[in-house]
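Chemist: The structure's right below; bear with me while I get my questions together.
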Amino acid sequence: MKIIFPVLVLVALFFGSRQLIKMRPDPQAREVKRKIPFVEVINAEKKPLRSSISAYGTIQPRTQTTLIAEVPGIIEEVAPFEKEGSQTTNFRPGGFFQKGDLLLKIEDVDLVTMEAEARANLRRVELQLIQERELAKQAKLEWGDRDWSLASDLVKRIPQIEKAEAETRAAEARLTQATRDLNRSQVKAPFTGRILKTMADVGQQVGSGASAALAEIYALDSAEINLALSRSEMNFLGFADGFKPSDELNVQTQVLDASGEVIHQGVLDRSEGVVDPRTRLTNLVARVDDCFANPYSKKPVKNPLAVGQFVNLRFIGAEVDVFLVPESAFRTQVTVLVVDQDNRLYTREVQVIHRTDKEAWVTGGLSEGENVCVTPIEIISEGMQVNLVNPTEDSNKTQP
């Protein structure tokens, strides 16, 4: 009985399940509706735009030099000088000066003595030259009626006169040098500029074994900005290494403040012809005129720059015909999606010459008036059907 009962249960379950299978309804076929995605597009429109690149750099003076003492001695006085009253020249770090301004005086007692000795020596050799010429005249008189051409050069005193003439020229040169050295005891500014740092002061010996350096100075006329750009960025701006600068080829340089406003303008002056092996960037130099603080300028300098200041730059280069394509339209760095007249989607490879945070500058791969898809799509197939959200929108406009 224990064996028969489980068998009967299994048999009953088997026939019951078969009956349930026969009673199930037949499935009805349903039509599968394909979902066509909606996309936003822009019309490709080529327009001329000025190439522009943002960069940064450090302000350096275009002309910077070490002022040195050309004669040895002890520094007696530095600008400003008490005897000369009020003056703007100041021989201190940050001090301004004009070209020709007296910056400092070196003790000149020895130089005055040397000039006086050179002047006295010149008068002595000039007297000797006059005497030799008079002796030559006397010798000719003493020669009498004889043929003077037969007389030797020594009798004619030609060597003596030539010696006296050479000594006179040498004495004149020594006097000129002594006078120049005396003038150099007063150190004057070679250009209008400013002092970066001083390396000497009153009572200090300069030259004659001591250092002759007096100060580091720079000119106020122009500043240079060192920066680095890639070759592609240089080509984008239309800047070619080694070209002859002209108004047509100059790349404008704009110095920006913290808010992005232009405070100074200049030009991209030159390339240093050196590529940094670490960054593979080319070293360039931009020039900005009249950007330093200058108390001698007829027009005050607004927002003056300082040596060593870190600045933001914007370069405005050549005009380029491009399509502006939003970054959202790109599947890869060089691939976008275009929609044909039948609203079918295709991939297209394009030529990108520049990128910003929001859009890319495309020069090739698109045609005027083509629809470019700006809606990101995860999975696509070539020729897939799409619906346009904005089929009547004008170029380069997307719905929010």
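The values are calculated or read from the model by the stated rules, or taken from the named source; none is laboratory data. Everything numeric here is computed off the predicted structure, so don't read it as measured data. Cβ sites come from the backbone with ideal geometry, for glycine too, and all protein chains shown count toward neighbours.
Chemist: I need the full set of residues from the range 363-400 which are closer than 30 Å to R50 by Cβ, surrounded by 10 or more Cβ atoms within 10 Å (Cβ to Cβ) and at pLDDT below 85, in order please.
Modeler: N390, E393, S395, N396, K397, T398, listed by residue number.
Chemist: Could I ask something else about it? Just give me the residues in the range 294-326 being in contact (Cβ under 8 Å) with a residue 60 or more places away in the chain, outside any strand (DSSP E or B) and in contact with a Phe, Trp or Tyr (Cβ under 9 Å, 6 or more places away or on another chain), in sequence order.
Modeler: Within the range 294-326, N294, P295, Y296, A306, V307 qualify.
Chemist: Please give the number of the condition A210 fails out of (1) surrounded by fewer than 17 Cβ atoms within 10 Å (Cβ to Cβ); (2) part of a strand (DSSP E or B).
Modeler: (2)
Chemist: Filter the range 14-40 down to the residues that are within 60 Å of the chain's Cα centre (by Cα) and modelled with pLDDT of 70 or more and list them by number.
Modeler: Correct list: K35, I36, P37, F38, V39, E40.
Chemist: Considering only residues of the range 214-225 that are hydrophobic (A, V, I, L, M, F, W, C) and under 18 Å from G94 (Cβ atoms), which is surrounded by the most Cβ atoms within 10 Å (Cβ to Cβ)?
Modeler: Filtering the range 214-225 down to residues hydrophobic (A, V, I, L, M, F, W, C) leaves 214-215, 217, 219-220, 223, 225.
Next cut, under 18 Å from G94 (Cβ atoms) only: 214-215, 217, 219-220, 223.
On the way: L214: 24, A215: 22, I217: 23, A219: 19, L220: 25, A223: 28.
Restricting to residues being hydrophobic (A, V, I, L, M, F, W, C) and under 18 Å from G94 (Cβ atoms), the top hit is A223.
Chemist: Another question about this same structure. Checking the condition modelled with pLDDT of 95 or more, outside any loop (DSSP other than H, G, I, E, B) and either within 30 Å of P295 (Cβ to Cβ) or not assigned by TED's automatic domain parsing to the domain that holds S208 (or both), which residue from L175, L135, L141 passes?
Modeler: After ruling out the rest, the residue left standing is L175.
Chemist: Here's something else I'd like to know. Condition first: within 23 Å of L220 (Cα to Cα) and loosely packed, with under 14 Cβ neighbours inside 10 Å. Now tell me which residues in the range 290-334 satisfy that.
Modeler: P295, Y296, S297, K298, K299, P300, K302, N303, A306, G308, F310
Chemist: Okay, next question. Quick one: how many residues across the range 76-98 are out of contact with any strand residue (DSSP E or B) (no Cβ under 8 Å at 6 or more places or on another chain) and either assigned to a loop (DSSP other than H, G, I, E, B) or at pLDDT 95 or above (or both)?
Modeler: Of the residues in the range 76-98, 5 are out of contact with any strand residue (DSSP E or B) (no Cβ under 8 Å at 6 or more places or on another chain) and either assigned to a loop (DSSP other than H, G, I, E, B) or at pLDDT 95 or above (or both).
Chemist: When you check A240 against the structure, is it among the hydrophobic types (A, V, I, L, M, F, W, C) and free of Cβ contacts under 8 Å to residues at least 40 places away in the same chain, yes or no?
Modeler: Considered against the rule, which asks whether it is among the hydrophobic types (A, V, I, L, M, F, W, C) and free of Cβ contacts under 8 Å to residues at least 40 places away in the same chain, A240 comes out as yes.
Chemist: Could you check how many residues of the range 267-323 are out of contact with any strand residue (DSSP E or B) (no Cβ under 9 Å at 6 or more places or on another chain) and more than 30 Å from T89 (Cα to Cα)?
Modeler: Within the range 267-323, residues that are out of contact with any strand residue (DSSP E or B) (no Cβ under 9 Å at 6 or more places or on another chain) and more than 30 Å from T89 (Cα to Cα) number 3.
Chemist: Just checking, which of T168, T89, T113 is surrounded by 13 or more Cβ atoms within 10 Å (Cβ to Cβ), hydroxyl-bearing (S, T, Y) and not assigned by TED's automatic domain parsing to the domain that holds K197?
Modeler: Sole residue among the options that is surrounded by 13 or more Cβ atoms within 10 Å (Cβ to Cβ), hydroxyl-bearing (S, T, Y) and not assigned by TED's automatic domain parsing to the domain that holds K197: T168.
Chemist: Exactly one of (1) in a loop (DSSP other than H, G, I, E, B); (2) not assigned by TED's automatic domain parsing to the domain that holds I225 is unmet by V336. Its number?
Modeler: Among (1) in a loop (DSSP other than H, G, I, E, B); (2) not assigned by TED's automatic domain parsing to the domain that holds I225, V336 violates only (1).
Chemist: Taking into account only those residues within the range 237-279 that are at pLDDT 85 or above and of a type in the set (S, T, N, Q), which is surrounded by the fewest Cβ atoms within 10 Å (Cβ to Cβ)?
Modeler: This residue is S259.
Chemist: Only one of (1) among the small types (G, A, S); (2) more than 35 Å from the chain's Cα centre (by Cα); (3) more than 19 Å from T113 (Cβ to Cβ) is not met by A189, so which one is it?
Modeler: Condition (2) is where A189 drops out.
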